[in-house]
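One structure is given below, encoded as structure tokens.
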Amino acid sequence: MKKKYGILGTGNVAKTIGAKLIQLGHEVKLGSRNPNSENALNWIKNNGPNASVGTFKEAASFSNIIFNCLHGINSIEAIESSGKENFKDKILVDLANPYNYVNGHIILDPKYSGNTSLGEEIQKFLPNTKVVKTLNYLGFNLMTNPGQLNEPITGFYCGNNNDAKEIVNKILHDFGWTDTFDIGDISMSKYTEMLGAFWVPIYGQVGNMNWGLKLVRELKKK
């Protein structure tokens, strides 16, 4: 069934998620600080009549399911500029990481480390929104095409609302994920946000982002 999705951001993650949703037959509106930028207009041109771009506020009000694909340290500011009322009782799928890049390394921004995380702070900022964290630990090319690898990898997700997590889990399977795993409430964002930084040493050795993680579980005893 055709649905509408709003996406905050116009970077590689946002465009990849948006293009896949359109491929699946849905309507997508990207939110941008500059909806008339060449980057945004080219994305519309390449994705047909179900693709559009507006402000952050317009993207947030467009749908009951919104993807946060912004740079993590700017996410709450952008969400605030979108109008908190536009997120009420909706699902926000958070793919962002609060990273700073220093001397070739990634560090978590101090505001989103220690006893908290970006996922948790977004949930606190939007108490009437169902925040689900997922896919933030992967290269954007794998987010909607995990099957390009030689064997299945695991799609981790977390959040406080079970119904919202089930909806997001269904979206992951629509994206091609065959192995998904619920790691708990939104406080588990701490771990996927730390895990996302692991790309630095791996990229340094293999030279690409075409790799993922597989959770190998112990077989249940009969």
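Bear in mind these aren't lab numbers, they're just calculated from the coordinates by the rules spelled out. These figures come from a predicted structure and were not determined experimentally. Heads up, the Cβs are rebuilt from the backbone with ideal geometry, glycines too, and the neighbour counts pull from every protein chain shown.
Residues whose amide H falls under 5 Å from that of Val53, counting only those 5 or more places apart or on a different chain, are Leu30, with hydrogens built in the peptide plane. Here Lys90 is the anchor, and the aspartates and glutamates within straight C-alpha reach of less than 12 Å, apart from those fewer than 8 places off in the same chain, are Asp163.
Take every Cα pair under 8 Å in segment 119-170 that's 6+ residues apart, average their separations, divide by the length, and report that relative contact order as a whole percent.
39 percent
Between the C-alpha center of segment 152-222 and that of segment 56-134 there is a gap of 18 Å. Take every pair of alpha-carbon atoms less than 8 Å apart whose residues are at least six positions apart; their mean separation over the length of the chain yields a relative contact order of 17 percent. Applying both filters, DSSP loop and at most 11 other Cβ atoms within 10 Å, to the trypsin sites (Lys or Arg not before Pro) of segment 1-60 gives Lys2. At the listed q of 0.12 Å⁻¹, the Debye profile of the chain, built from one uniform point per Cα, gives log10 I(q)/I(0) equal to -0.61. The GluC sites (Glu not before Pro) found in segment 161-222 that occupy coil by DSSP, while having at most 12 further C-beta atoms within 10 Å, are Glu218. Over 29 Å apart at the Cα level, from the set Lys130/Lys190; Lys2/Lys57; Lys2/Lys130; Lys29/Lys214, are Lys29/Lys214. Cut-off under 14 Å on the C-alpha distance; same-chain residues fewer than 8 positions from Lys3 excluded. Which aspartates and glutamates are left, in chain and number order? In chain and number order, the partners are Glu27, Asp174.
Given a Förster radius of 30 Å and the C-beta distance between Tyr191 and Ser37 as r, what FRET efficiency does 1/(1 + (r/R0)^6) yield to the nearest 0.05? The computed FRET efficiency comes out at 0.30.
Charge dipole (Cα centre; +1 on Lys/Arg Cβ, -1 on Asp/Glu Cβ; no other charges) of segment 4-206 amounts to roughly 400 debye.
Tally the DSSP beta bridges in segment 4-206 and give the antiparallel ones as a percent, rounded to 5.
25 percent
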